[in-house]
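S.K.: Shown below is the structure under consideration.
The values are calculated or read from the model by the stated rules, or taken from the named source; none is laboratory data. Since the structure is predicted, the reported quantities are computational estimates derived from the model, not experimental observations. Note that we place each Cβ from the backbone using ideal geometry, even for glycine, and neighbour counts take in every protein chain shown.
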Amino acid sequence: ASTIRLLGGTQVITSVFSVVKELIENALDAGASTIDIRLENYGLDKVEVRDNGIGIPTQNVPFVTKRYHTSKIESFSDIQHLKTYGFRGEALGSLCIVSTLSITTKTGEDEVSLSYAFNNQGQIISSHPSHLTQGTTVTATGLFKNIPVRRQFYNTNKKKKEEIKRIEDLLVAFSIILPKVRFTLNHDKERLFQKNGCPDIRTAMLSILGRNVLNCLVQKTVQLEDLKITIDMFLPNPASDVLITSKSDNSRCICAINRRPVHLKDMEKLIRQHYVSHKKTDNHRHPIYFLSVTLETDQIDVNVDPNKTIVLLHQKAEIKKGLISVLEELYGSISK
Ligand code: ADP
Ligand code: MG
């Protein structure tokens, strides 16, 4: 049975990145407006995510690490109307298997926060009062200690640094998608990322990308009214020249569907093709942009990939058409 648990648990939590992503999503689902992430030794020794969300009611704490326990959906059909980032109830249970987990939490009703330690089976082994304010802090130490191959993956400095970069890129994406939320990222003693709460997307982009980049972007919106789809875009101004990032780095090509950071290969390709064709530049470089699609929750399927970064869109063709109309208006049609 422990093998089955180990195998199951290793599918959601495959990397330091996935730990951080799952914990951020839990914090957001709890309504947090401040999320502080601390890593030690690239997250391998410790990942800690603290939020100021609603907290976990004492009677629910024993269940949060149970496989498939989720407070977010009640029936399968809820998956088709998803408003939360989480829905599988697997992250905390999996974390117990691949690390040593502790949770400190306080709701609005609680007088003090309580700190819980869990064993590998997800059972509470101790609890004691602590001093935190409302919200939840989840701490995972000794990540992948019992899965040497996975820990081995981080044996080179290059791999460790790439992992941190993925986490920073995720924070950039979330910071723009959710402008009001404050994020910090600390690694060992160093502050790697900080973004304060901003009133809107434009202000968040200004604080993250800087004035020079923002000045080179134009804001466009397409409404597909009968489909109830909105496409919001910040695209490179056709006259701008400074916006192409390197070949391998597409971290400033940010896409979101219903506020979920995702990869939209087809849309990304369309934007790049139109822009580089207009600029007559190297086809493999990436312009900086932000593309955000908002649609009815039953028009997407996020339950296709453990990381939830690949999303099935039922109305992809229509969305592409809407995007192309804006791209042609800005950059002309693609020259063959
Ligand atoms: P899921 O997010 O899919 O529901 P998780 O294993 O990530 O599954 O979390 C299990 C449950 O624990 C959640 O449904 C939620 O009730 C609770 N929980 C987890 N993290 C937090 C948090 N930061 N604040 C409040 N509740 C949380
Ligand atoms: Mg979750």
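S.K.: For segment 21-46, how many residues meet the condition of being closer than 14 Å to residue 171 by Cβ, away from ligand 1 (no atom under 11 Å from the Cβ) and touching a strand residue (DSSP E or B) at 6+ places or on another chain (Cβ under 6 Å)?
M.R.: 5
S.K.: Let me ask another. With a cut-off of at least 3 residues that are farther than 21 Å from residue 208 by Cα, out of contact with any Pro (no Cβ under 8 Å at 6 or more places or on another chain) and aromatic (Phe, Trp, Tyr), name the strands (runs of 3 or more DSSP E) lying wholly within segment 227-336.
M.R.: Answer list for segment 227-336: none.
S.K.: Applying the selection to segment 130-142, what residues are in a loop (DSSP other than H, G, I, E, B) and crowded, with 16+ Cβ neighbours inside 10 Å?
M.R.: 132, 134
Let's see how each residue does on (1) modelled with pLDDT of 95 or more; (2) assigned to a helix (DSSP H, G or I):
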| position | (1), (2) |
| --- | --- |
| 5 | no, yes |
| 9 | no, yes |
| 19 | yes, yes |
| 22 | yes, yes |
| 26 | yes, yes |
| 32 | yes, no |
| 38 | yes, no |
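S.K.: Right, another one. Return yes when residue 92 is at pLDDT 95 or above and of a type in the set (A, V, I, L, M, F, W, C) and no when it is not.
M.R.: Criteria met by residue 92.
S.K.: Here is a check on your reading of the model: is residue 220 farther than 16 Å from residue 310 by Cβ, charged (D, E, K, R), modelled with pLDDT of 95 or more and more than 23 Å from the chain's Cα centre (by Cα)?
M.R.: Answer is yes for this residue.
S.K.: Now a separate question. Check residue 111 against each of (1) touching a residue at least 60 places away in the same chain (Cβ under 8 Å); (2) among the acidic types (Asp, Glu); (3) away from ligand 2 (no atom under 13 Å from the Cβ) and name the one condition it does not meet.
M.R.: (1) is the only condition that residue 111 fails.
S.K.: Residue 208 - would you say it is in a helix (DSSP H, G or I), in contact with a Leu (Cβ under 7 Å, 6 or more places away or on another chain) and surrounded by 15 or more Cβ atoms within 10 Å (Cβ to Cβ)?
M.R.: Criteria not met by residue 208.
S.K.: Now for a separate question. How many of the residues in segment 103-125 are away from ligand 1 (no atom under 15 Å from the Cβ) and among the β-branched types (Val, Ile, Thr)?
M.R.: Going through segment 103-125 one residue at a time, the tally reaches 2.
S.K.: From the list 115, 71, 127, exactly one residue is within 28 Å of residue 150 (Cβ to Cβ) and either surrounded by 15 or more Cβ atoms within 10 Å (Cβ to Cβ) or not basic (Lys, Arg) (or both). Which is it?
M.R.: On inspection, the qualifying residue turns out to be 115.
S.K.: Limited to segment 182-197, what total is found for residues that are over 13 Å from residue 172 (Cα atoms) and without any contact (Cβ under 8 Å) to a residue 24 or more places away in the chain?
M.R.: 3
S.K.: Here is a further query. Does residue 185 satisfy the condition of being crowded, with 18+ Cβ neighbours inside 10 Å, assigned by TED's automatic domain parsing to the domain that holds residue 41 and either assigned to a strand (DSSP E or B) or β-branched (Val, Ile, Thr) (or both)?
M.R.: yes
S.K.: Inspect all residues belonging to segment 116-127 and state whether any of them is within 26 Å of the chain's Cα centre (by Cα) and β-branched (Val, Ile, Thr).
M.R.: No, segment 116-127 contains no residue that is within 26 Å of the chain's Cα centre (by Cα) and β-branched (Val, Ile, Thr).
S.K.: Follow-up question, since we're still on this one. Looking at this structure, is residue 171 under 16 Å from residue 24 (Cβ atoms), buried (at least 17 other Cβ atoms within 10 Å of the Cβ) and not acidic (Asp, Glu)?
M.R.: Answer is yes for this residue.
S.K.: Let me ask something else. Only one residue in 223, 315 is polar (S, T, N, Q) and free of Cβ contacts under 8 Å to residues at least 24 places away in the same chain, so which one is that?
M.R.: 223
S.K.: Given the residues 145, 83, which is the only one that is part of a loop (DSSP other than H, G, I, E, B) and within 16 Å of ligand 2 (Cβ to nearest atom)?
M.R.: 83
S.K.: Going by the structure shown, is residue 79 at pLDDT below 95 and within 19 Å of residue 145 (Cα to Cα)?
M.R.: no
S.K.: Go through the residues of segment 96-110 one by one and say whether even a single one is out of contact with any His (no Cβ under 8 Å at 6 or more places or on another chain), among the basic types (Lys, Arg) and assigned to a strand (DSSP E or B).
M.R.: There is at least one residue in segment 96-110 that is out of contact with any His (no Cβ under 8 Å at 6 or more places or on another chain), among the basic types (Lys, Arg) and assigned to a strand (DSSP E or B).
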